[in-house]
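See structure below.
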């Protein structure tokens, strides 16, 4: 049974990251996610939120980010990060070649690569002028259930 939706809207500024992480951690507590999953949740939020702050809006232009979460069931949290920046689906970005050594690897692309690896589910949609990236995280991973 899904819980009520909780949302937070704030400026797309990197200084707001801590506030977003605290907000989503409340969702993790409501979902009763094990502490072993919190570092992964933090990394997911940091990568997604910081990319919106740095790339969604023209430099210096104000922008809004909404972060929404809901608990699908015990141990199951769904989070959406939405912005009104240009139409961009990060899931369509080419995956980096992680076989290259660091000196030959181009900058960028590792964040969404990590997000794809850590999220239990991951979708993007463009709706009414908003980019909406939604991910799920759960107590269970592909390899184990905490």
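The numbers here are math on the coordinates, done by the rules we state, and not lab data. Since we're looking at a predicted model, the values are computed, not measured. Cβ coordinates were reconstructed from backbone atoms using ideal geometry, including for glycine residues, and neighbour counts include every protein chain displayed.
When region 1-26 is examined, which residues are found to be in contact (Cβ under 8 Å) with a residue 60 or more places away in the chain, in contact with a helix residue (DSSP H, G or I) (Cβ under 6 Å, 6 or more places away or on another chain) and assigned to a strand (DSSP E or B)?
8
Please go through region 27-38 and give me each residue that is surrounded by fewer than 16 Cβ atoms within 10 Å (Cβ to Cβ) and assigned to a helix (DSSP H, G or I), ordered by number.
Across region 27-38, the qualifying residues are 29, 35, 36.
From (1) exposed (fewer than 15 other Cβ atoms within 10 Å of the Cβ); (2) in contact (Cβ under 8 Å) with a residue 24 or more places away in the chain, pick out the condition that doesn't hold for residue 65.
(1)
Which of the residues spanning region 27-49 are in contact (Cβ under 8 Å) with a residue 40 or more places away in the chain, within 17 Å of residue 80 (Cα to Cα) and under 15 Å from the mean Cα position of the chain (by Cα)?
27, 28, 40, 41, 43, 44, 47, 48
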